[in-house]
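Enquirer: My structure is below; once you've seen it, I'll send some questions.
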Amino acid sequence: MPSQKRPIYIIGAGGIVNEAHLPAYQLAGFNIQGIFDIDFAKAKTTADKFSIPVVFNSLQQLIAQSAANAVFDIAVPGSQIIPILEQLPTAAAILLQKLMGENFEQAQQILQLIRQKKQLAAVNFQLRYAPYMLAVKYLIAENKLGELNDIEINVNVYTPWHLWDFLAASPRVEILYHSIHYIDLIRNLLGNPASVYAKTTRHPSMPQLASVRSNIIMDYGEWIRANILTNHCHNYGTGRQQSYIKIEGSRGAVWINFGTLINYPFGTTDSFEYVFLETDKGPEWKKMNIQGSWFPHAFIGSMVQLMLAAEGAIARPDNSVEDCIYTMACVEAAYLSSEQGGVLLPAIN
Ligand SMILES: NC(=O)c1ccc[n+]([C@@H]2O[C@H](COP(=O)([O-])OP(=O)(O)OC[C@H]3O[C@@H](n4cnc5c(N)ncnc54)[C@H](O)[C@@H]3O)[C@@H](O)[C@H]2O)c1
(Lines give C-alpha, C1' and ligand atoms only; values in the text may rest on other atoms or scores of the structure.)
Protein backbone atom coordinates (compact mmCIF):
# COMPACT_ATOMS: atom_id res chain seq x y z
CA MET A 1 0.00 0.00 0.00
CA PRO A 2 1.22 3.57 -0.69
CA SER A 3 2.14 5.67 2.35
CA GLN A 4 -0.14 8.48 1.12
CA LYS A 5 -3.69 7.92 -0.12
CA ARG A 6 -3.72 10.57 -2.81
CA PRO A 7 -7.04 12.17 -3.77
CA ILE A 8 -8.64 10.33 -6.69
CA TYR A 9 -10.68 12.15 -9.36
CA ILE A 10 -12.80 9.85 -11.51
CA ILE A 11 -13.65 10.56 -15.17
CA GLY A 12 -16.57 8.39 -16.32
CA ALA A 13 -19.37 7.03 -14.14
CA GLY A 14 -20.34 3.93 -16.08
CA GLY A 15 -20.74 0.26 -15.31
CA ILE A 16 -17.14 -0.59 -14.50
CA VAL A 17 -16.67 2.38 -12.16
CA ASN A 18 -19.80 1.42 -10.22
CA GLU A 19 -19.22 -2.34 -10.26
CA ALA A 20 -15.48 -2.49 -9.68
CA HIS A 21 -13.43 0.72 -9.27
CA LEU A 22 -15.42 2.27 -6.45
CA PRO A 23 -16.19 -0.94 -4.51
CA ALA A 24 -12.46 -1.77 -4.67
CA TYR A 25 -11.41 1.71 -3.57
CA GLN A 26 -13.85 1.54 -0.67
CA LEU A 27 -12.28 -1.76 0.42
CA ALA A 28 -8.83 -0.17 0.19
CA GLY A 29 -9.92 2.98 2.06
CA PHE A 30 -8.87 5.25 -0.83
CA ASN A 31 -9.75 8.92 -0.85
CA ILE A 32 -12.20 9.72 -3.70
CA GLN A 33 -12.56 13.48 -4.04
CA GLY A 34 -14.60 14.03 -7.19
CA ILE A 35 -16.23 12.62 -10.31
CA PHE A 36 -17.18 13.84 -13.78
CA ASP A 37 -19.21 12.23 -16.55
CA ILE A 38 -20.61 13.86 -19.71
CA ASP A 39 -23.90 12.48 -18.38
CA PHE A 40 -24.21 14.55 -15.18
CA ALA A 41 -27.05 12.44 -13.79
CA LYS A 42 -24.90 9.31 -13.91
CA ALA A 43 -22.07 11.08 -12.10
CA LYS A 44 -24.51 12.37 -9.47
CA THR A 45 -26.09 8.93 -8.89
CA THR A 46 -22.63 7.39 -8.54
CA ALA A 47 -21.47 10.14 -6.20
CA ASP A 48 -24.52 9.66 -3.99
CA LYS A 49 -24.04 5.91 -3.89
CA PHE A 50 -20.36 6.09 -2.92
CA SER A 51 -20.37 9.35 -0.90
CA ILE A 52 -18.11 11.23 -3.32
CA PRO A 53 -17.99 14.86 -2.19
CA VAL A 54 -17.89 16.73 -5.53
CA VAL A 55 -19.65 16.17 -8.87
CA PHE A 56 -18.06 18.34 -11.55
CA ASN A 57 -19.91 19.96 -14.45
CA SER A 58 -17.01 19.71 -16.86
CA LEU A 59 -13.60 18.15 -17.27
CA GLN A 60 -12.08 21.64 -17.17
CA GLN A 61 -13.70 22.25 -13.79
CA LEU A 62 -12.44 18.92 -12.46
CA ILE A 63 -8.89 19.74 -13.59
CA ALA A 64 -8.98 23.29 -12.23
CA GLN A 65 -10.20 22.19 -8.81
CA SER A 66 -8.09 19.05 -8.43
CA ALA A 67 -5.43 18.86 -5.72
CA ALA A 68 -1.74 19.13 -6.67
CA ASN A 69 -1.15 15.47 -5.76
CA ALA A 70 -4.27 14.24 -7.60
CA VAL A 71 -4.64 10.89 -9.30
CA PHE A 72 -6.93 10.89 -12.35
CA ASP A 73 -8.85 7.66 -12.93
CA ILE A 74 -10.25 7.49 -16.48
CA ALA A 75 -12.93 4.89 -17.34
CA VAL A 76 -14.57 5.97 -20.60
CA PRO A 77 -14.87 4.30 -24.02
CA GLY A 78 -11.44 3.81 -25.62
CA SER A 79 -12.16 6.42 -28.31
CA GLN A 80 -12.46 9.15 -25.63
CA ILE A 81 -9.09 8.62 -23.97
CA ILE A 82 -6.91 10.79 -26.24
CA PRO A 83 -9.03 13.97 -26.01
CA ILE A 84 -9.10 13.63 -22.22
CA LEU A 85 -5.34 13.03 -21.94
CA GLU A 86 -4.72 16.12 -24.07
CA GLN A 87 -6.48 18.22 -21.46
CA LEU A 88 -5.00 16.66 -18.32
CA PRO A 89 -2.00 18.53 -16.83
CA THR A 90 1.64 17.87 -17.63
CA ALA A 91 3.17 15.32 -15.24
CA ALA A 92 -0.26 14.23 -13.99
CA ALA A 93 -0.67 10.75 -12.46
CA ILE A 94 -3.26 8.85 -14.51
CA LEU A 95 -4.87 5.41 -14.47
CA LEU A 96 -6.40 4.52 -17.85
CA GLN A 97 -9.10 1.88 -17.99
CA LYS A 98 -8.23 -0.75 -20.59
CA LEU A 99 -8.33 -0.81 -23.57
CA MET A 100 -5.35 1.42 -24.18
CA GLY A 101 -7.25 2.97 -27.09
CA GLU A 102 -9.42 1.01 -29.50
CA ASN A 103 -6.55 -0.41 -31.52
CA PHE A 104 -2.76 -0.52 -31.71
CA GLU A 105 -2.54 2.75 -33.65
CA GLN A 106 -4.42 4.58 -30.89
CA ALA A 107 -2.31 2.81 -28.26
CA GLN A 108 0.82 4.23 -29.88
CA GLN A 109 -0.73 7.72 -30.03
CA ILE A 110 -1.58 7.44 -26.33
CA LEU A 111 1.98 6.40 -25.50
CA GLN A 112 3.47 9.30 -27.48
CA LEU A 113 1.12 11.82 -25.88
CA ILE A 114 1.95 10.59 -22.38
CA ARG A 115 5.66 10.75 -23.11
CA GLN A 116 5.35 14.29 -24.49
CA LYS A 117 3.38 15.47 -21.46
CA LYS A 118 5.68 13.58 -19.08
CA GLN A 119 2.60 12.09 -17.44
CA LEU A 120 2.86 9.11 -15.13
CA ALA A 121 0.34 6.69 -16.57
CA ALA A 122 -0.73 3.13 -15.85
CA VAL A 123 -3.29 0.92 -17.55
CA ASN A 124 -5.98 -0.97 -15.66
CA PHE A 125 -5.09 -4.48 -16.81
CA GLN A 126 -6.03 -5.71 -13.38
CA LEU A 127 -6.14 -9.52 -13.68
CA ARG A 128 -2.42 -9.31 -12.77
CA TYR A 129 -3.51 -8.18 -9.30
CA ALA A 130 -6.41 -10.57 -8.67
CA PRO A 131 -5.85 -12.03 -5.21
CA TYR A 132 -5.29 -15.51 -6.67
CA MET A 133 -2.62 -14.10 -8.98
CA LEU A 134 -0.93 -12.36 -6.06
CA ALA A 135 -0.83 -15.79 -4.39
CA VAL A 136 0.80 -17.25 -7.53
CA LYS A 137 3.36 -14.43 -7.53
CA TYR A 138 4.10 -15.14 -3.89
CA LEU A 139 4.76 -18.81 -4.72
CA ILE A 140 6.98 -17.79 -7.63
CA ALA A 141 8.90 -15.31 -5.47
CA GLU A 142 9.45 -18.06 -2.88
CA ASN A 143 10.69 -20.30 -5.73
CA LYS A 144 8.04 -22.90 -4.91
CA LEU A 145 7.12 -23.44 -8.57
CA GLY A 146 10.64 -23.45 -10.05
CA GLU A 147 11.07 -22.34 -13.68
CA LEU A 148 7.67 -21.85 -15.33
CA ASN A 149 7.24 -23.95 -18.47
CA ASP A 150 3.47 -24.15 -19.09
CA ILE A 151 0.57 -21.71 -18.79
CA GLU A 152 -2.89 -22.54 -20.05
CA ILE A 153 -5.97 -20.36 -19.75
CA ASN A 154 -9.10 -22.19 -20.79
CA VAL A 155 -12.54 -20.61 -20.85
CA ASN A 156 -15.69 -22.44 -21.95
CA VAL A 157 -18.69 -20.29 -20.99
CA TYR A 158 -21.70 -18.49 -22.37
CA THR A 159 -21.07 -14.74 -22.52
CA PRO A 160 -24.12 -12.57 -23.24
CA TRP A 161 -22.24 -10.21 -25.56
CA HIS A 162 -25.54 -8.51 -26.50
CA LEU A 163 -25.37 -6.69 -23.13
CA TRP A 164 -22.72 -4.43 -24.70
CA ASP A 165 -24.51 -2.79 -27.67
CA PHE A 166 -21.37 -1.17 -29.05
CA LEU A 167 -19.78 -4.56 -29.75
CA ALA A 168 -22.09 -5.11 -32.73
CA ALA A 169 -20.29 -2.27 -34.51
CA SER A 170 -16.80 -3.32 -33.45
CA PRO A 171 -14.58 -4.99 -36.06
CA ARG A 172 -12.84 -6.88 -33.23
CA VAL A 173 -14.49 -8.49 -30.22
CA GLU A 174 -13.07 -11.46 -28.33
CA ILE A 175 -9.32 -10.89 -28.23
CA LEU A 176 -9.58 -7.10 -28.01
CA TYR A 177 -12.17 -7.01 -25.23
CA HIS A 178 -11.61 -10.28 -23.39
CA SER A 179 -8.56 -12.42 -24.11
CA ILE A 180 -6.53 -9.22 -23.80
CA HIS A 181 -6.68 -9.85 -20.04
CA TYR A 182 -5.09 -13.29 -20.44
CA ILE A 183 -2.48 -12.01 -22.88
CA ASP A 184 -1.57 -9.32 -20.37
CA LEU A 185 -1.43 -11.86 -17.55
CA ILE A 186 0.89 -14.20 -19.44
CA ARG A 187 3.15 -11.28 -20.39
CA ASN A 188 3.19 -10.23 -16.75
CA LEU A 189 4.41 -13.71 -15.74
CA LEU A 190 6.70 -14.60 -18.66
CA GLY A 191 7.62 -11.30 -20.31
CA ASN A 192 7.10 -10.55 -24.00
CA PRO A 193 6.70 -13.51 -26.36
CA ALA A 194 8.85 -13.79 -29.47
CA SER A 195 5.68 -13.99 -31.57
CA VAL A 196 1.98 -14.81 -31.43
CA TYR A 197 -0.03 -17.39 -33.38
CA ALA A 198 -3.81 -17.15 -33.31
CA LYS A 199 -7.06 -18.21 -34.88
CA THR A 200 -10.13 -16.27 -33.79
CA THR A 201 -13.53 -17.51 -34.94
CA ARG A 202 -17.08 -16.24 -35.29
CA HIS A 203 -20.12 -18.22 -34.13
CA PRO A 204 -23.24 -18.99 -36.19
CA SER A 205 -25.57 -18.04 -33.32
CA MET A 206 -24.01 -14.57 -33.10
CA PRO A 207 -23.92 -13.43 -36.75
CA GLN A 208 -24.03 -9.76 -35.75
CA LEU A 209 -20.64 -10.02 -34.01
CA ALA A 210 -17.05 -10.35 -35.19
CA SER A 211 -15.08 -13.30 -33.81
CA VAL A 212 -16.08 -14.42 -30.32
CA ARG A 213 -13.87 -17.49 -29.78
CA SER A 214 -10.08 -17.62 -29.85
CA ASN A 215 -7.11 -19.91 -29.73
CA ILE A 216 -3.93 -17.97 -29.04
CA ILE A 217 -0.43 -19.36 -28.73
CA MET A 218 2.15 -17.04 -27.23
CA ASP A 219 5.52 -18.18 -28.50
CA TYR A 220 8.24 -18.37 -25.85
CA GLY A 221 10.44 -20.75 -27.79
CA GLU A 222 11.09 -24.42 -27.48
CA TRP A 223 10.59 -25.02 -23.75
CA ILE A 224 7.60 -22.95 -22.69
CA ARG A 225 3.98 -23.51 -23.74
CA ALA A 226 1.60 -20.57 -23.24
CA ASN A 227 -1.91 -21.08 -24.62
CA ILE A 228 -5.23 -19.26 -24.34
CA LEU A 229 -8.39 -21.06 -25.44
CA THR A 230 -11.72 -19.29 -25.18
CA ASN A 231 -15.22 -20.28 -26.22
CA HIS A 232 -17.89 -17.80 -25.13
CA CYS A 233 -20.70 -19.59 -26.98
CA HIS A 234 -21.26 -22.66 -24.78
CA ASN A 235 -25.02 -22.21 -24.48
CA TYR A 236 -25.73 -25.62 -22.97
CA GLY A 237 -26.33 -24.81 -19.31
CA THR A 238 -23.77 -24.36 -16.59
CA GLY A 239 -22.87 -28.04 -16.02
CA ARG A 240 -19.86 -28.02 -18.33
CA GLN A 241 -18.95 -24.35 -18.15
CA GLN A 242 -15.40 -23.91 -16.94
CA SER A 243 -12.67 -21.29 -16.71
CA TYR A 244 -9.25 -22.02 -15.35
CA ILE A 245 -5.71 -20.73 -15.25
CA LYS A 246 -3.14 -23.52 -14.97
CA ILE A 247 0.51 -22.74 -14.31
CA GLU A 248 3.21 -25.41 -14.25
CA GLY A 249 6.84 -25.06 -13.25
CA SER A 250 9.79 -27.37 -12.69
CA ARG A 251 8.98 -27.66 -8.97
CA GLY A 252 5.25 -27.16 -8.65
CA ALA A 253 1.98 -26.20 -10.26
CA VAL A 254 -1.15 -24.12 -9.59
CA TRP A 255 -4.71 -24.62 -10.83
CA ILE A 256 -7.13 -21.72 -10.40
CA ASN A 257 -10.79 -22.16 -11.28
CA PHE A 258 -11.98 -18.58 -11.59
CA GLY A 259 -15.71 -18.15 -11.26
CA THR A 260 -16.35 -14.63 -12.61
CA LEU A 261 -17.46 -15.78 -16.06
CA ILE A 262 -19.52 -18.84 -15.13
CA ASN A 263 -23.28 -18.31 -15.42
CA TYR A 264 -22.49 -14.67 -16.25
CA PRO A 265 -23.21 -12.16 -14.71
CA PHE A 266 -23.84 -14.15 -11.53
CA GLY A 267 -20.50 -15.94 -11.39
CA THR A 268 -19.49 -18.64 -8.98
CA THR A 269 -16.78 -19.10 -6.38
CA ASP A 270 -13.11 -19.42 -7.29
CA SER A 271 -10.87 -22.22 -6.14
CA PHE A 272 -7.09 -22.28 -5.82
CA GLU A 273 -5.14 -25.53 -5.74
CA TYR A 274 -1.40 -26.06 -5.79
CA VAL A 275 1.10 -28.88 -5.70
CA PHE A 276 4.85 -29.05 -5.04
CA LEU A 277 7.12 -31.81 -6.27
CA GLU A 278 8.76 -33.28 -3.21
CA THR A 279 11.40 -35.99 -3.32
CA ASP A 280 10.10 -37.99 -0.36
CA LYS A 281 6.47 -38.33 -1.47
CA GLY A 282 4.23 -38.22 -4.51
CA PRO A 283 2.47 -35.07 -5.68
CA GLU A 284 -0.33 -33.99 -3.36
CA TRP A 285 -2.69 -31.24 -4.47
CA LYS A 286 -3.74 -28.85 -1.71
CA LYS A 287 -6.32 -26.09 -1.56
CA MET A 288 -5.55 -22.54 -0.48
CA ASN A 289 -8.29 -20.20 0.70
CA ILE A 290 -7.96 -16.87 -1.05
CA GLN A 291 -9.80 -13.81 0.17
CA GLY A 292 -11.34 -11.73 -2.62
CA SER A 293 -11.59 -12.20 -6.38
CA TRP A 294 -10.93 -10.57 -9.78
CA PHE A 295 -13.90 -8.21 -9.46
CA PRO A 296 -13.54 -5.94 -7.59
CA HIS A 297 -10.42 -6.73 -5.53
CA ALA A 298 -7.94 -6.76 -8.43
CA PHE A 299 -8.81 -3.12 -9.13
CA ILE A 300 -7.03 -2.13 -5.93
CA GLY A 301 -3.72 -3.39 -7.34
CA SER A 302 -3.81 -1.25 -10.50
CA MET A 303 -4.30 1.90 -8.44
CA VAL A 304 -1.72 0.88 -5.83
CA GLN A 305 0.92 0.58 -8.55
CA LEU A 306 0.20 4.10 -9.79
CA MET A 307 0.24 5.59 -6.29
CA LEU A 308 3.49 3.82 -5.37
CA ALA A 309 5.15 5.24 -8.48
CA ALA A 310 3.68 8.69 -7.84
CA GLU A 311 5.29 8.80 -4.39
CA GLY A 312 8.60 7.45 -5.72
CA ALA A 313 8.47 4.12 -3.87
CA ILE A 314 8.90 2.31 -7.22
CA ALA A 315 10.48 3.62 -10.43
CA ARG A 316 7.34 3.12 -12.49
CA PRO A 317 4.07 1.22 -12.22
CA ASP A 318 4.28 -2.45 -13.09
CA ASN A 319 1.28 -1.72 -15.38
CA SER A 320 2.81 1.42 -16.95
CA VAL A 321 1.79 2.46 -20.45
CA GLU A 322 5.39 1.63 -21.43
CA ASP A 323 4.73 -1.96 -20.40
CA CYS A 324 1.09 -2.31 -21.48
CA ILE A 325 1.76 -1.12 -25.02
CA TYR A 326 3.21 -4.63 -25.51
CA THR A 327 -0.11 -6.20 -24.52
CA MET A 328 -1.71 -4.10 -27.26
CA ALA A 329 1.08 -5.20 -29.64
CA CYS A 330 0.34 -8.87 -28.83
CA VAL A 331 -3.38 -8.30 -29.51
CA GLU A 332 -2.48 -6.76 -32.86
CA ALA A 333 -0.17 -9.66 -33.66
CA ALA A 334 -2.90 -12.17 -32.74
CA TYR A 335 -5.39 -10.59 -35.16
CA LEU A 336 -2.77 -10.39 -37.92
CA SER A 337 -1.88 -14.04 -37.37
CA SER A 338 -5.52 -15.04 -37.59
CA GLU A 339 -5.98 -13.06 -40.81
CA GLN A 340 -2.85 -14.56 -42.37
CA GLY A 341 -4.05 -18.07 -41.65
CA GLY A 342 -2.15 -21.27 -41.07
CA VAL A 343 0.26 -23.20 -43.24
CA LEU A 344 -1.50 -24.78 -46.20
CA LEU A 345 -1.33 -28.54 -46.53
CA PRO A 346 1.47 -29.74 -48.75
CA ALA A 347 0.40 -31.03 -52.14
CA ILE A 348 -0.22 -34.75 -52.30
CA ASN A 349 1.29 -36.42 -55.36
N1 LIG B 1 -10.88 -3.78 -16.93
C2 LIG B 1 -12.01 -4.40 -17.15
O3 LIG B 1 -12.14 -5.52 -16.80
C4 LIG B 1 -13.14 -3.66 -17.82
C5 LIG B 1 -14.44 -4.15 -17.70
C6 LIG B 1 -15.47 -3.43 -18.29
C7 LIG B 1 -15.20 -2.29 -19.02
N8 LIG B 1 -13.90 -1.88 -19.16
C9 LIG B 1 -13.58 -0.66 -19.93
O10 LIG B 1 -13.99 0.48 -19.20
C11 LIG B 1 -14.44 1.50 -20.08
C12 LIG B 1 -15.83 1.93 -19.65
O13 LIG B 1 -16.67 0.79 -19.65
P14 LIG B 1 -18.09 0.78 -18.93
O15 LIG B 1 -18.53 -0.63 -18.95
O16 LIG B 1 -18.04 1.52 -17.66
O17 LIG B 1 -18.91 1.60 -20.02
P18 LIG B 1 -20.25 2.45 -19.79
O19 LIG B 1 -20.80 2.70 -21.14
O20 LIG B 1 -21.11 1.82 -18.76
O21 LIG B 1 -19.71 3.81 -19.16
C22 LIG B 1 -18.89 4.73 -19.85
C23 LIG B 1 -19.18 6.09 -19.23
O24 LIG B 1 -18.27 7.03 -19.79
C25 LIG B 1 -18.98 8.24 -19.98
N26 LIG B 1 -18.24 9.05 -20.95
C27 LIG B 1 -18.14 8.84 -22.27
N28 LIG B 1 -17.31 9.78 -22.81
C29 LIG B 1 -16.91 10.56 -21.79
C30 LIG B 1 -16.04 11.69 -21.71
N31 LIG B 1 -15.44 12.19 -22.79
N32 LIG B 1 -15.85 12.25 -20.49
C33 LIG B 1 -16.46 11.76 -19.39
N34 LIG B 1 -17.30 10.71 -19.40
C35 LIG B 1 -17.49 10.11 -20.60
C36 LIG B 1 -20.36 7.81 -20.43
O37 LIG B 1 -21.34 8.82 -20.26
C38 LIG B 1 -20.60 6.61 -19.52
O39 LIG B 1 -21.23 6.96 -18.32
C40 LIG B 1 -14.38 0.90 -21.49
O41 LIG B 1 -13.21 1.33 -22.11
C42 LIG B 1 -14.31 -0.59 -21.25
O43 LIG B 1 -13.56 -1.26 -22.26
C44 LIG B 1 -12.89 -2.54 -18.56
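Enquirer: Mind listing the long-range amide H neighbours of ILE94? Cut-off is under 5 Å, sequence gap 5 or more, other chains count too, H placed in the peptide plane at 1.01 Å from N.
Expert: Under 5 Å from the amide H of ILE94 lie the amide H atoms of PHE72, LEU120, ALA121, ALA122, each far enough along the sequence or on another chain.
Enquirer: Also, I was wondering about something else. Determine the order of MET206, MET1 by accessible area, beginning with the largest, at a probe radius of 1.4 Å.
Expert: If we order MET206, MET1 from most to least accessible, we get MET1, MET206.
Enquirer: With runs of 4+ DSSP H residues as the only contributors, calculate the mean residue ellipticity of the chain at 222 nm using -39,500 (n - 2.57) per run, divided by the residue total and rounded to the nearest 500.
Expert: -8500 deg cm²/dmol
Enquirer: Ignoring ligands and nucleic acids, what accessible area does CYS330 show with a 1.4 Å probe (Å², nearest 10)?
Expert: Using a 1.4 Å probe on the heavy atoms, I get roughly 10 Å².
Enquirer: Beyond 12 Å, how much of the Cα-Cα pair distribution for the range 224-267 remains, as a whole percent?
Expert: Working: 639 of 946 pairs.
Counting every Cα pair in the range 224-267, those more than 12 Å apart make up 68 percent.
Enquirer: What does the highest-first list of 33-46, 160-173 look like by mean Cβ count within 10 Å?
Expert: Answer by packing, highest mean first, reads 33-46, 160-173.
Enquirer: So, one more: Number of Lys pairs in the chain with C-alpha atoms less than 26 angstrom apart, excluding same-chain neighbours closer than eight positions?
Expert: Taking the chain as the scope, the lysine pair count is 27.
Enquirer: Report the longest stretch of the chain that contains none of the GluC sites (Glu not before Pro) sitting in a DSSP loop with at most 12 other Cβ atoms within 10 Å.
Expert: Here the longest run is 1-141.
Enquirer: For the range 193-349, give the magnitude of the charge dipole about the Cα centre (Cβ charges: +1 Lys/Arg, -1 Asp/Glu; no others), in debye to the nearest 20.
Expert: Values: 11 positive and 14 negative charges, 119 e Å.
Dipole size: approximately 580 debye.
Enquirer: Hey, another quick one. Does the range 198-349 classify as rounded, prolate or oblate by the C-alpha gyration tensor (a ≥ b ≥ c root eigenvalues; a/c under 1.5 gives rounded; else a/b over b/c gives prolate, otherwise oblate)?
Expert: The shape class here is rounded.
Enquirer: Each residue of the range 266-283 in turn: what ³J(HN,Hα) in whole Hz from Karplus with 6.51, -1.76, 1.60 and θ = phi - 60°, glycine and Pro shown as x?
Expert: Per-residue couplings from phi come out as 6, x, 9, 6, 8, 9, 10, 10, 9, 9, 10, 7, 10, 5, 8, 8, x, x Hz.
Enquirer: Can you tell me the relative contact order of the range 181-334? Whole percent, Cα pairs under 8 Å, sequence separation 6 or more.
Expert: 17
Enquirer: So what's the gap between the Cα centers of the range 271-336 and the range 245-268, to the nearest angstrom?
Expert: 13
Enquirer: At a 10 angstrom cut-off on C-beta neighbours, averaged per residue, how do the peptides 262-269, 123-130 rank from highest to lowest? Mind showing how you got there, number by number?
Expert: Working: 262-269: 13.5, 123-130: 25.2.
My ranking of the peptides, most packed first, is 123-130, 262-269.
Enquirer: Continuing with the same structure: What number comes out for accessible area per residue over the range 110-206 if the probe is 1.4 Å? Units Å², please. Please list the in-between numbers first.
Expert: On the way: 3940 Å² over 97 residues.
Averaged over the residues of the range 110-206, the accessible area is 41 Å².
Enquirer: Using the alpha-carbon atoms, what tilt in degrees (0 to 90, nearest 10) does helix 180-190 show relative to the longest principal axis of the chain?
Expert: 70
Enquirer: Quick one: grab Rg to one decimal and Dmax as a whole number for the range 98-144, Cα atoms only, in Å.
Expert: 15.3, 42
Enquirer: Which value, in Å² rounded to 10, gives the accessible area of ILE224 with a 1.4 Å probe and all protein chains present?
Expert: 50
Enquirer: Express in whole angstrom the spacing between the alpha-carbon centres of the range 40-72 and the range 131-163.
Expert: Rounded to whole Å, the Cα centres lie 35 Å apart.
Enquirer: Here is a further query. From largest accessible area down, sort TYR197, TYR25; use a 1.4 Å probe on the protein chains.
Expert: Ranked from most to least accessible, the order is TYR197, TYR25.
Enquirer: In degrees from 0 to 90, rounded to the nearest 10, what is the angle of the helix 298-310 Cα long axis to the longest principal axis of the chain?
Expert: 60
Enquirer: Can you give me the % of accessible surface on the chain that is carbon or sulfur? Probe 1.4 Å, all protein chains present, nothing else counted.
Expert: That share works out to 52 percent.
Enquirer: Sequence-distant or interchain residues sharing an amide H contact under 5 Å with TYR158, placed H: which?
Expert: Hits under the 5 Å cutoff: HIS234, ASN263, TYR264.
The values are calculated or read from the model by the stated rules, or taken from the named source; none is laboratory data. Owing to the predicted nature of the structure, the values given are computational and were not obtained by experimental measurement. Note: ideal-geometry Cβ built from the backbone for every residue, glycine included; neighbour counts use all protein chains shown. Heads up: the accessible areas ignore ligands, DNA and RNA and are worked out on the full protein's heavy atoms, side chains in. Shrake-Rupley method; radii C 1.70, N 1.55, O 1.52, S 1.80 Å.
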